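A quick write-up on the structure given underneath.
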Amino acid sequence: MLIGFGAALFVGSLLGLVSDLIGRKKTCLVFFILHLIVGILKMVAPSPSFWVANLCLSLATSIFSFSFETWAVVEHDKVDSKLGHRQDILNETFWLMTFFESASLIGSQVIGNWMVGGNLEKGIGSPSIAATLLAILGITCMSRHYDGTTKIMTFKDYRMSFSVYILGDRRIWLLACAQACLHFSIAVFWILWAPTLVADGREVFLGLIYPCLLGARMLGSTVFPWLINASLRTEDCLTCAFVVQALLLSIIAYDYEEIGVLVTQFSLYHACIGLILPLLARLRTMYVPNELRGGMISLSLAPANAAILFILMQRGYYRTIENSTMIVFAAVGLFMAAGCMYVLKREAFKGDMKEEPISTFKD
């Protein structure tokens, strides 16, 4: 895990910048190629090197965090510039992406369990075969519809634009901080959710709890269109969701709970994630130019990956902190994210905020 998060920090943080310069489709192709490499490695080697697999999968996860969303927004701009109603269509896209991402994760678990079957030793290669076939399918589909990449700007122009529109805008700094805090808390949760449930030798079926958490995330994403139709401010919704998440993690860190109560708290936490992800995507559309979107997202995750790397060293190697302390750090980060959204709301009233983002740069 240290190798994986180290790769995400030192290499993955720069992939968004590369994506903005070379094109989003090429970066999405790299995502599938990385999964193809891992799948082939697991099929060829009976005991593949874990550091190679973690390295490739961590880079693929970093690409997934920004590439497909950025590509979808750019494609929407090409079509919706003629049809109008751009923001409404994007809102639908954002929550549907979160919904079907969770549904796909549940489906992958079902397929993986079915292919492994009852004999783990004989069936362990089957999920790798399925992942390899899916990666090949993704590469084939993207290659068939690949129409080349038009270079938007040179590196010099990109650097100047990034300095002005991203680094020079306080609102984007606040948004990036909230994204980093959320990413940090999600990573801590997935590291510690199983050890927390099986503490004190409790016997639980993790394979049944995992789809319940993703199902809660799907339900949370369905709340997004209701909030948008209710004309509630995005910053207010995010502030409330971050506070609820922080309170849930605080209770988990300081209070011993039974399995049923823990699963309920975990499910509420993931329902908030399902709501927060499309809300953050909506804010990015409001504040971040499309030409710089990938770089902004990937760089905003760098502090979170650095923090995860630090606590993994302290917990897994030096053993100077406990699991509950890691959860407290995640809760504090979510309270910080709520504070960022509150300040962002005040900044929006001060500046001349526009609903439409800057999609092209003017001289």
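The values are calculated or read from the model by the stated rules, or taken from the named source; none is laboratory data. Only a predicted model underlies this, so the values are computations on that prediction, with no experimental measurement involved. Virtual Cβ from ideal backbone geometry, glycine too; neighbours counted across all protein chains shown. Please note that ligands, DNA and RNA were not included when accessible areas were found on the heavy atoms of the full protein model with its side chains. Shrake-Rupley method; radii C 1.70, N 1.55, O 1.52, S 1.80 Å.
General observations
- Top-ranked residue of the stretch 22-49 - restricted to ones that are more than 18 Å from residue 132 (Cβ to Cβ) and surrounded by fewer than 19 Cβ atoms within 10 Å (Cβ to Cβ), ranked as nearest to the chain's Cα centre (by Cα): 26
- Among (1) under 22 Å from residue 275 (Cβ atoms); (2) modelled with pLDDT under 90 - the single one residue 106 does not satisfy: (2)
- Of all the residues in the stretch 58-70, those that are in a helix (DSSP H, G or I) and either in contact with a His (Cβ under 8 Å, 6 or more places away or on another chain) or open to solvent by less than 60 Å² (accessible area, probe 1.4 Å) (or both) number 9.
- Any hit, the stretch 128-149, residues being closer than 21 Å to residue 16 by Cβ, surrounded by 11 or more Cβ atoms within 10 Å (Cβ to Cβ) and at pLDDT below 70: yes
- Pair list, Cβ < 6 Å and 6+ apart or interchain, from the stretch 9-28 residues that are closer than 13 Å to residue 300 by Cα to residues that are part of a loop (DSSP other than H, G, I, E, B) and at pLDDT 90 or above: 16/66
- Qualifying residue in the stretch 316-330 (condition: open to solvent by less than 30 Å² (accessible area, probe 1.4 Å), touching a Ser or Thr at 6+ places or on another chain (Cβ under 6 Å), under 25 Å from residue 211 (Cα atoms) and assigned to a helix (DSSP H, G or I)): yes
- The set of residues in the stretch 222-250 that are touching a Cys at 6+ places or on another chain (Cβ under 7 Å) and modelled with pLDDT of 95 or more comprises 241, 244, 245.
- The set of residues in the stretch 21-39 that are in a helix (DSSP H, G or I) and not β-branched (Val, Ile, Thr) comprises 21, 24, 25, 26, 28, 29, 31, 32, 34, 35, 36, 39.
- Some residue of the stretch 310-319 being over 26 Å from residue 76 (Cβ atoms), modelled with pLDDT of 95 or more and among the hydroxyl-bearing types (Ser, Thr, Tyr): no
- Within the stretch 216-268, being among the hydroxyl-bearing types (Ser, Thr, Tyr) and either within 14 Å of residue 98 (Cβ to Cβ) or open to solvent by 70 Å² or more (accessible area, probe 1.4 Å) (or both) holds for 221, 222, 231, 254, 256, 264.
- Checking the stretch 40-57 against the condition returns a match, with at least one residue being within 27 Å of residue 221 (Cα to Cα), assigned to a helix (DSSP H, G or I) and at pLDDT below 95.
- Candidates 301, 279, filtered to the one that is closer than 18 Å to residue 5 by Cβ and at pLDDT 90 or above: 301
- Hits in the stretch 185-203 - residues which are open to solvent by 40 Å² or more (accessible area, probe 1.4 Å), in a helix (DSSP H, G or I) and either at pLDDT below 90 or of a type in the set (Gly, Ala, Ser) (or both): 200, 201
- Of 70, 61, all but one fail to be modelled with pLDDT of 90 or more, farther than 23 Å from residue 131 by Cα and β-branched (Val, Ile, Thr); the exception is 70.
- Criterion (without any contact (Cβ under 8 Å) to a residue 60 or more places away in the chain, crowded, with 21+ Cβ neighbours inside 10 Å and in a helix (DSSP H, G or I)) met by exactly one of 307, 271: 271
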